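The values are calculated or read from the model by the stated rules, or taken from the named source; none is laboratory data. Being a predicted model, the structure only gives us computed values, none of them experimental. Cβ placement follows ideal geometry from the backbone for every residue including glycine, while neighbour counts extend to all protein chains displayed.
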Ligand code: NDP
């Protein structure tokens, strides 16, 4: 059984959407490697929540900045240490540094590109070799509705999330013949720390633009990610799946 257990890496799994994704995989019987930037308390809480129903598989927390190559190496090394496999990778770590274009600093632009886009590229590049060797892989990159439609005050963030879509589609073409699928999930407005910082007026304006008239939950995204990770989702690749209550229509 242990040798057949699948292994997943989830970046940004300490909080929010990534936490829910990590919990869902663990409870589905995967070995889980959880990446986080530095918030120890929330990462440990994720670990506790994963294990609330008992020890179901291997689980390890890896601290590190996804924009650094060494972090990608460490995440992969830990994943392979369980049983030599890396089946699923979820590039979820992400940040915002919102500002209007006229006021945006080069640092605000580059920090977001480095974490969201370069971080995704680095880990994708590392994991494809073992995935090609085992002739199986599922890569799921978390984009955003604003990567498709743009958003005022977020030129850096929407550029990074649009970049993720281009990277996803190109990788999907390169890897489809190896039984590796690469898809993007584009969440709408999801209740996490990232959206907590919005003031009530902005939240109301966004809610008015969502046909479902409610914010989504991290569970909505985790459910979609697990669906794409399934062995039977093998004919879905290069897609951008909106999970946004109709916001992106
Ligand atoms: P949160 O801010 O709640 O959590 C972000 C997670 O990413 C944390 O675990 C954080 O680690 C980690 N992280 C941030 N920067 C780095 C870094 N440089 N290296 C490693 N890990 C890092 O975000 P959400 O859960 O809301 O968002 C998750 C993903 O979903 C992001 O990619 C976001 O862009 C995307 N998304 C979110 C939406 C939303 O409405 N919430 C909508 C559309 C897309 P630590 O805890 O240690 O700080």
message = Can you report the number of residues in the stretch 16-47 which are free of Cβ contacts under 8 Å to residues at least 40 places away in the same chain, surrounded by 24 or more Cβ atoms within 10 Å (Cβ to Cβ) and more than 21 Å from residue 195 (Cα to Cα)?
response = 3
message = Just checking, does the stretch 53-61 include any residue being under 19 Å from residue 220 (Cβ atoms) and surrounded by 19 or more Cβ atoms within 10 Å (Cβ to Cβ)?
response = no
key: Residue among 201, 196 that is more than 21 Å from the chain's Cα centre (by Cα), modelled with pLDDT under 95 and more than 27 Å from residue 167 (Cα to Cα)   = 201
ask   = Conditions: (1) under 23 Å from residue 64 (Cα atoms); (2) in contact with a strand residue (DSSP E or B) (Cβ under 7 Å, 6 or more places away or on another chain). Residue 116 meets all but one. Number of the miss?
value = (2)
task = Would you confirm whether any residue within the stretch 126-138 is in contact (Cβ under 8 Å) with a residue 40 or more places away in the chain, near the ligand (Cβ under 10 Å from one of its atoms) and not in a loop (DSSP other than H, G, I, E, B)?
result = no
query = If we scan the stretch 34-50, do we find a residue that is near the ligand (Cβ under 6 Å from one of its atoms) and touching a helix residue (DSSP H, G or I) at 6+ places or on another chain (Cβ under 6 Å)?
reply = yes
remark   = Within the stretch 174-193, residues being within 25 Å of residue 124 (Cα to Cα) and either surrounded by fewer than 16 Cβ atoms within 10 Å (Cβ to Cβ) or more than 9 Å from the ligand (Cβ to nearest atom) (or both) number 11
message = Of all residues being part of a helix (DSSP H, G or I) and free of Cβ contacts under 8 Å to residues at least 60 places away in the same chain in the stretch 205-223, which is surrounded by the fewest Cβ atoms within 10 Å (Cβ to Cβ)? Just the residue, please.
response = 208
inquiry  = Restricting to the stretch 128-174, name every residue that is more than 24 Å from residue 16 (Cα to Cα) and touching a strand residue (DSSP E or B) at 6+ places or on another chain (Cβ under 6 Å).
reply    = 131, 137, 171, 172
ask   = Where in the stretch 1-120 are the strands (runs of 3 or more DSSP E), entirely inside, with at least 3 residues that are within 25 Å of residue 186 (Cβ to Cβ)?
value = 7-10, 31-36, 88-91
